[in-house]
Amino acid sequence: MTLRHPSAPSAAKPELSVDPLYTLESGGIPRHRLPAREMPPDVAYQVIHDELMLDGNARLNVATFVSTWMEPQAEKLIAECLDKNMIDKDEYPQTAEIESRCVAILSNLWHAPDPGRATGCSTTGSSEAAMLGGLALKRRWQKRRGADGKPADRPNLVMGINVQVCWEKFANYWDVEMRLVPMEGDRFHLPADEAVKLCDENTIGVVAILGSTFDGSYEPVKEICDALDLLEQETGLDVPVHVDGASGAFVAPFVDPELEWDFRLPRVASVNASGHKYGLVYPGVGWVVWRDADALPDDLIFWVNYLGDNMPTFALNFSRPGAQVVAQYYNFLRLGFEGYGRVQAYAREVATRLSGSIAELGLFELLTRGDELPVFAFTLRSDVDNYTVFDVSNALRERGWQVPAYTFPENRTDLAALRVVVRRGFTHDLADLLVADLRRQLPRLERQPEPVHDGATATAFAH
Ligand SMILES: Cc1ncc(COP(=O)(O)O)c(C=O)c1O
């Protein structure tokens, strides 16, 4: 195969035809059915490698919360553990031991009353962890109702409309009514008083998010718990709280240690977090931890006799990669409390400085500043009517930046915003380059006679 730089002088015309990249006997590569015969591994690699070049650059993807950078030593461990199945606890006892150490570390970090008896497990991400947390709430409520001789057929779960789609899935898959508090005015997440208003005897719990996917803000977990305490005093209803700490459970302990959002609040029954977000691991690991063994009903635990051992499992999947759990432990060991603090504080410093620079451009209004999660949302000034946030998002795509634009839910469907997620590996340098590109694109957008992209024509963005 001859590679030629496009500007290199080309000789006679026949040489202009492209050299065959792939030395295949048969002409084509079927896309939607199995090829009839084998092909050399190098060819299969090259074909797939080339196609993947069209994917975006993960480091320029400020849409995702998920880690796009890990240290080479972590990558080495991941490569060494790629063949380990997390469920084979008997065959890979040290990987199993590392998983339970991680649960103990998180239980301790989130102030569980007895981290020595930590109850929790790894999952594929926060979605699975949220399902498990929700299932435990539902089962506990069903038992309470059963014990009181009351019907348990109409469970509901109270949350803000800003919840991530995993909670819609939970409600749908497990037949739980979602009771959603809408956004109102400048309030983009769940307020304590509105949450309490929706609770009744069929409420299995309240979900509080640390922090919201829409704008990076922390929901007031303590206020929500206090309001539920009051509800219990007044009505006897005892409604537990699950904290969806997908991102924040790996941020707040390090940079907002005084914020009470975790098991310090007796009403918090369980917490989920994504190891692959601010836990700083590549995609494929989440965590769910209960405040104690009582918060996880025994009958949800399966005792699996596997490879000669009897082990407890609580998970939706059976087989799952062990490598990501090992990578999580690598980060815990390598960074420690101080290191996580340094990483998250830097991300927040970059986020707040970047949001400040964007505000200084004069055309945008910040909805959040990136001073809770290192994540902020911003919208266009209300008098800008010849281009939209969707146009801005598209203009930034020309330079490879993936900055999502999206419309807010009820009652703020009038509001469309852009969001930037600052993660490990996103430096002040990169932030300045993003602002420079925005500055370069704005004069063109300002000259545009009317909007080109709206929510319907913009690149799809799903939370
Ligand atoms: C608040 C919140 N909960 C849950 C999830 C789902 O997490 P995962 O992608 O780890 O399944 C997300 C993802 O962005 C999130 O932001």
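List of remarks:
- Neighbour-count ranking [beta-carbon atoms within 10 angstrom, fewest first] of Ser274, Ser217: Ser217, Ser274
- Relative to the current alpha-carbon distance between Gln233 and Asp385, full extension at 0.36 nm per residue lengthens the span by 49.6 nm.
- Cα-projected label distance for Asn85 with Gln142, points at 7 Å along beta-carbon direction, nm: 2.8 nm
- Rounded FRET efficiency, nearest 0.05, which uses the C-beta distance separating Asp429 from Leu54 and R0 of 22 Å: 0.25
- Estimated distance in nm for a label pair at Leu198 and Lys76, the labels positioned 7 Å out from Cα along Cα-to-Cβ: 4.9 nm
- For the chain, the share of DSSP beta bridges that are antiparallel, to the nearest 5, is 60%.
- Computed extension gain for Met39 through Leu316, at 0.36 nm per residue and net of the alpha carbon distance, reaches 96.1 nm.
- Between Asp294 and Leu333, the distance separating the two model label sites (each 7 Å from Cα on the Cα→Cβ line) works out to 3.6 nm.
- Given 12 as the ceiling on other Cβ atoms within 10 Å, longest exposed-site-free region of the chain for trypsin sites (Lys or Arg not before Pro) in DSSP loops: 38-380
- Take the chain and mark each of the GluC sites (Glu not before Pro) that is in a DSSP loop with at most 12 other Cβ atoms within 10 Å; the longest unmarked stretch, sites excluded, is 39-257.
- The helix-based estimate of mean residue ellipticity at 222 nm for the chain, built from -39,500 (n - 2.57) per DSSP H run of four or more residues and divided by its residue count, is -11500 deg cm²/dmol to the nearest 500.
We did not get these values from a lab; they are worked out from the coordinates using the rules stated. In this text the structure is predicted, and so the values were computed from the model without any measurement. As a convention, Cβ positions derive from the backbone with ideal geometry for all residues, glycine included, and neighbour counts pool all protein chains shown.
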